[in-house]
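Report on the following structure.
Nothing in this text is a laboratory measurement; each read-out follows from the coordinates by a stated rule. A quick note: this is a predicted structure, and the numbers were derived from the prediction, not measured. Here Cβ is always computed from backbone atoms with ideal geometry, including for glycine, and neighbour counts include all displayed protein chains.
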Amino acid sequence: MTQVFDAEGNVHPVTVIAAPKVTITQVKKTDTDGYTAVQVGVGTRKEKNVNKAQRTKGLFSKFKEFRFDGAAELEVGAAVDVSVFAEGDIVQVSATSKGKGFQGVVKRHGFHGGRRTHGQKHSEREAGSIGGGPGRAGGRVVKGMRMAGRMGGDRVTVKNLKVVRVDAGKREIFIRGAVPGRAGTYVEIVSK
C-alpha cells in the first residue's frame with residue numbers, strides 16, 4: 001500500500017496491484033456449454049510440469065473463469081490488460097486472505113477474556129463456559145460454537161473500491177483502500 005495525491009491535493013490510500021496481461025484460453029457459449037463465460041490464463045509454467053490435456057490451452061500457471069453476457073463475442077488467444085479499467089471505475093476485489101494459523105478466541109472472535117482479579121490466575125485470554133450441561137443442547141457443544149481454531153485463509157471479497165489510477169506502461173492499477181491477501185497473492189478484479 002501507498003498513498004497518492006489527486007489534482008485537488010487530497011491524499012488517497014491505495015493498493016498498487018501488478019496486473020500482467022491475461023490471455024483468453026477458452027470461450028464458453030450457451031449452445032455448447034449451457035452458459036456464456038470466458039476462461040483466462042495468467043503466469044507461466046514449465047512444459048514438463050503441465051499435463052498433456054492442459055498444454056492445448058497454454059503453459060499458464062493459473063486459470064480463472066468469468067461468467068458474463070457478451071463473452072461469446074471474444075476470441076481465444078486475445079490478450080486483456082489493465083487498459084480495460086479506467087480512473088474512477090468501481091470494482092470489487094476477491095482473493096484468499098492472509099493465513100494466521102491457530103488462534104485463540106480473543107484474536108479470532110474478539111472475546112474479552114476473563115477477569116484479572118478475584119481469584120483468577122491464568123484465565124486472561126480463555127473462552128470461559130461453552131454451555132453444555134443438561135440444558136438446551138443436552139450436554140453437547142452446540143454447532144457453530146465460537147472457539148479457538150485456524151484463522152484466515154478464506155476467500156474474501158471487498159466491494160465498492162474505486163480505481164484511482166491506471167498505469168498501462170508499468171501494468172499497474174491503483175485501487176483505493178485495502179484488498180485481501182498477502183503480497184504475491186493472485187487477486188480477481190471485477191468491474192461493477
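For the residue pairs Lys170/Lys192; Lys21/Lys62; Lys162/Lys192; Lys29/Lys192; Lys29/Lys64; Lys159/Lys192, alpha carbon separations beyond 18 Å are given by Lys170/Lys192; Lys29/Lys192. By the equivalent-ellipsoid construction on the alpha carbon gyration tensor, region 4-91 comes out with semi-axes of 32, 19, 9 Å, ordered largest to smallest.
When every Cα-Cα distance of region 36-192 is counted in 5 angstrom steps from zero, the calculated P(r) takes the values 2, 7, 10, 12, 14, 12, 9, 8, 7, 7, 6, 4, 2, 0, 0 percent.
How large is the helix-only mean residue ellipticity at 222 nm for the chain, computed as the sum of -39500 (n - 2.57) over DSSP H runs with n ≥ 4, divided by its residue count, in deg cm²/dmol to the nearest 500? Mean residue ellipticity, 222 nm, calculated: -1000 deg cm²/dmol.
Please tell me the relative contact order of region 135-179 in percent, rounded to the nearest whole number, where contacts are Cα pairs under 8 Å and at least six residues apart.
Rounded, it is 25 percent for region 135-179.
Candidates Phe85, Gly132, Phe66 compared by Cα position along the dipole of region 59-192: farthest toward the positive end lies Gly132, with charges placed on Cβ.
Computed from label points 7 Å out along Cα-Cβ, the spacing between Ser61 and Met147 is 3.8 nm.
Within the straight-line cut-off of under 22 Å between alpha carbons, the lysines reachable from Lys143 are Lys107, sequence neighbours fewer than 8 places apart in one chain being disregarded.
For the chain, a simple Cβ point-charge model (Lys and Arg +1, Asp and Glu -1, everything else neutral) yields a dipole of about 1420 debye relative to the Cα centre.
Quotient of the Cα radius of gyration of region 103-192 and 2.2 N^0.38 Å, N being its number of residues: 1.77. The shape of region 104-148 can be summarised by an equivalent ellipsoid whose semi-axes, obtained from the alpha carbon gyration tensor, come to 22, 15, 6 Å from longest to shortest.
Note on Ala178/Lys46: beta-carbon distance plugged into 1/(1 + (r/R0)^6) with R0 of 35 Å gives a FRET efficiency of 0.55. Full extension of the chain between Gln54 and Lys100 gives 13.2 nm of extra length, using 0.36 nm per residue less the Cα-Cα distance. Efficiency by 1/(1 + (r/R0)^6): what FRET value for Asp6 and Val190, r their Cβ-Cβ distance, R0 = 35 Å, to the nearest 0.05? With a Förster radius of 35 Å, E is 0.90.
Under the simplified labelling scheme, the Ile130-Ala86 pair shows an inter-label distance of 5.5 nm, with each label point 7 Å from Cα along Cα→Cβ.
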